[in-house]
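Input: a single structure, listed below in structure tokens.
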Amino acid sequence: MRFFARVFLPFLLLIYIGVETYLKLQHTSLCGEVGCKLAGELLRFNALYLNYLGLAAVFTLIFLGYRSLKSPFLETLFFMLLYAAIAFETTILSYQLIANPEPCLFCFGIWSSLLVIALFNHIKNFAVVLAFVVAILLALSTLTISKNKAFVSAPGFYLIQSETCSHCKKVKKYFAEHDIKYTPISTKEVNARAFLKFVDIATIPVLIMKDTENITLITGDKKIIAHFEAQKEVDVITSELEPVPTESNMMELSSDFLSAGGDDGCALTITETPSCEDDNTTH
């Protein structure tokens with residue numbers, strides 16, 4: 001039984017990782033799900049190196065498992081490596097569950113195999129292993145982690161806003177009155193706050209206009225409303241005039257029209273406050 005649990009089961013896991021590594025070298029994979037591809041995007045390095053690390057760890061586990069049949073010291077090292085591997089895979093898989101729409105099935109397979117090996121090796125300690133796994137999952141779930149997904153995908157209007165921002169409320173009221181469809185993105189979303197910090201915008205609301213080719217940003221309630229008012233005037237003038245063949249009916253906007261300028265806006269800070277002042281203050 002000990003040989004089965006410490007040598008045979010890890011050997012099956014070694015084959016599993018080895019097959020996946022070979023397939024990745026051939027630009028394919030056992031896991032064809034979206035979650036497996038997204039998991040690779042979370043790594044700081046090529047996912048193939050993680051496979052090499054897994055192969056080395058499992059090979060060492062097999063070696064220690066075989067030698068531990070006659071050595072209590074190597075038995076201790078075997079369990080230390082096994083539990084460390086479970087903690088490592090639990091951390092990676094837990095992060096994927098939080099950050100990705102779908103987890104990586106290949107990682108889930110490795111994690112499940114390690115738990116099975118732990119179960120067959122020491123049933124009495126398996127409850128402790130499960131408690132350890134749950135603790136890691138709960139710890140990571142308390143953190144604010146960016147979702148690995150695109151918020152601005154299809155063409156349309158996207159408004160980065162806050163429920164407590166008075167300037168955001170003006171824009172949303174205007175959109176409601178004029179039946180302008182848009183997708184609200186809360187500043188509570190980590191990706192939204194990271195995006196605004198990346199483009200050095202410290203106030204909200206921010207309107208993102210996406211079409212098939214371009215993305216345009218407009219900051220501040222006055223400039224956002226003025227943009228749509230200007231578009232209404234262009235539409236009225238165009239409808240009153242006879243059609244004249246032109247290259248484009250789009251009205252060009254000045255560069256100041258899209259800049260942050262001195263327009264009013266709610267200050268965006270790292271910690272969102274319950275309300276904001278009407279004057280333009282930037283932290």
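List of remarks:
- Matching entry among I123, I110 (being within 30 Å of M1 (Cβ to Cβ), in a loop (DSSP other than H, G, I, E, B) and not assigned by TED's automatic domain parsing to the domain that holds V206): I123
Matching residues to (1) among the hydroxyl-bearing types (S, T, Y); (2) crowded, with 18+ Cβ neighbours inside 10 Å:
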residue: L74; (1), (2): no, no
residue: Y83; (1), (2): yes, no
residue: I86; (1), (2): no, yes
residue: F106; (1), (2): no, yes
residue: S112; (1), (2): yes, no
residue: I117; (1), (2): no, yes
residue: N121; (1), (2): no, yes
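- Positions within region 105-129 being over 24 Å from T60 (Cβ atoms) and either aliphatic (A, V, I, L, M) or modelled with pLDDT of 90 or more (or both), in sequence order: L105, A127
- Test: residue in region 18-36 that is closer than 16 Å to L114 by Cα and part of a helix (DSSP H, G or I): yes
- Contact annotation: residue pairs with Cβ atoms under 8 Å, 6 or more positions apart or on different chains, pairing a residue in region 190-218 that is among the charged types (D, E, K, R) with a partner that is surrounded by fewer than 17 Cβ atoms within 10 Å (Cβ to Cβ) and assigned to a loop (DSSP other than H, G, I, E, B), are R193/I270; K210/A154; K210/P155; D211/P155.
- Within region 1-25, residues that are in the same structural domain as A118 (by TED's automatic domain parsing) sit with their Cβ atoms under 6 Å from residues that are among the hydroxyl-bearing types (S, T, Y), at 6+ positions apart or across chains, in these pairs: V7/Y66; L13/S113; L23/S29.
- Single residue of region 42-60 satisfying the filter (surrounded by 15 or more Cβ atoms within 10 Å (Cβ to Cβ) and of a type in the set (S, T, N, Q)) that is nearest to L74 (Cα to Cα): T60
- For region 191-214, the set of residues classified as part of a helix (DSSP H, G or I) and surrounded by 13 or more Cβ atoms within 10 Å (Cβ to Cβ) consists of N191, A192, R193, F195, L196, listed by residue number.
- Condition met for T76 (under 21 Å from the mean Cα position of the chain (by Cα), in the same structural domain as V116 (by TED's automatic domain parsing), part of a helix (DSSP H, G or I) and farther than 18 Å from G18 by Cβ): no
- Residue check, F88 part of a helix (DSSP H, G or I), closer than 21 Å to T21 by Cβ and at pLDDT below 90: no
- Residue pairs meeting the criteria (Cβ under 8 Å; at least 6 apart or on separate chains; first more than 12 Å from Y83 (Cβ to Cβ), in region 107-131; second surrounded by 14 or more Cβ atoms within 10 Å (Cβ to Cβ) and of a type in the set (G, A, S)): C107/A39; I110/G54; F120/A5
- Any hit, region 94-104, residues being at pLDDT below 90 and either in contact with a His (Cβ under 7 Å, 6 or more places away or on another chain) or more than 30 Å from E189 (Cα to Cα) (or both): no
- Only one of the numbered conditions (1) surrounded by 15 or more Cβ atoms within 10 Å (Cβ to Cβ); (2) over 30 Å from T212 (Cβ atoms) is not met by Q161, and that is (2).
- Check on I180, at negative phi, part of a helix (DSSP H, G or I) and touching a residue at least 40 places away in the same chain (Cβ under 8 Å): no
The values are calculated or read from the model by the stated rules, or taken from the named source; none is laboratory data. Not measured: the values here are computed from a predicted model. Counting neighbours? That spans all protein chains shown, and the Cβs are built from the backbone with ideal geometry, glycine included.
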